[in-house]
1. Above 27 angstrom, tally the Cα pairs of the chain and express them as a % of all pairs, no decimals.
2. Using unit Cβ charges (K, R positive; D, E negative) and no other charged atoms, how large, in debye to the nearest 20, is the dipole of the chain about its Cα centre?
3. Please compute the length gained on full extension between Glu30 and Lys56, using 0.36 nm multiplied by the number of residues separating them and subtracting their Cα-Cα distance.
4. Rounded to the nearest 5, what % of the DSSP beta bridges within the chain are antiparallel ones?
5. Let me test this: with uniform point scatterers at the alpha carbons of segment 38-169, what is the Debye-based log₁₀ I(q)/I(0) at q = 0.14, 0.15, 0.16, 0.20 1/Å?
6. How much length is gained if the chain between Arg63 and Leu193 is pulled fully straight, taking 0.36 nm per residue apart and subtracting their Cα-Cα distance, in nm to one decimal?
7. Once Lys and Arg get +1 and Asp and Glu get -1 on their Cβ, which of Pro187, Ser94, Leu121 lies farthest toward the positive end of the dipole of the chain?
8. Taking only the alpha-carbon atoms of segment 3-85, what semi-axes of the equivalent ellipsoid follow from 5 times the gyration tensor eigenvalues under a square root, in whole Å, largest first?
Amino acid sequence: MSELEEKIAGEITISENPGEVIKKWREMFEVSQTRLAERMEVSPSVISDYEKGRRKPGATLVRNIVESLIAIDEERGGEVIDRFSRPGREGILSIGEFGEGVPLKEIIDEVEGEPIYEGRLDHEIYGYTVIDSIKAILSMRSFDYLSLYGWSTERILFFKGVEHGRSPLVAIRSTPLTPAAVCYIQPKKVDKLSTKLAEKEGVPLLKTDFEVQRLIKILEKRS
């Protein structure tokens, strides 16, 4: 398997809702249920059943789905694969994966995170990404934001250089992937629209007064 295939398969496998992840990746590759079913030589209703959670995918099925999405994209010229191969990473200050699931609340406590919109905090995460908001806006295309998610969307995204708090959440809404939580590093101000966007996406929103390098050192010890 390629790195991209491993990334997709791993994300589906560890997700609490694998059907939703399958659907997100299928839509990201702009492949219809019918086209995917044809490639896999199954009925479109089978794909629908997995995406809606009526069936639980096993390892063989996950591998078939991933390989089929990659093959379809390659037949079209490999545009999606190419975008993942050359993501704009200038705005990423640090990114890491955890060897095993870590309670989100544990990470929040370590960085003294203060809830802005609490949402759901009772699950485990598998990684983190620290982003310079200004550099990300200037250097990343909308599709490049997918590189923020590393090997799993079950991660917390930290944003430095936040003015009002809107831009990071708007960027998140521009992709079919959603992080486990978002935390602003020493934000100047977080307006009500930011809170509404977080609530709409169902993403816990927090802030921390830690210096960015101190925060990165804490996170890197975990990865």
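1. On the way: 8344 of 24753 pairs.
Within the chain, distances greater than 27 Å cover 34 percent of Cα pairs.
2. Numbers: 33 positive and 39 negative charges, 115 e Å.
Charge dipole, the chain, about its Cα centre: 560 debye, nearest 20.
3. Details: separation 26, 0.36 × 26 = 9.36 nm, distance 2.26 nm.
Difference between extended and current length: 7.1 nm.
4. So the antiparallel bridges amount to about 40 percent of the total.
5. Evaluating at q = 0.14, 0.15, 0.16, 0.20 Å⁻¹ gives log10 I(q)/I(0) of -0.87, -0.96, -1.04, -1.21.
6. Numbers: separation 130, 0.36 × 130 = 46.80 nm, distance 4.03 nm.
Working it through step by step, the gained length comes to 42.8 nm.
7. Of the candidates, Pro187 comes out farthest on the positive side.
8. 19, 15, 10
All of the numbers you see were taken from the coordinates with simple rules; none came from a lab. Keep in mind it's a predicted model, so treat the numbers as computed, not measured. Here Cβ is always computed from backbone atoms with ideal geometry, including for glycine, and neighbour counts include all displayed protein chains.
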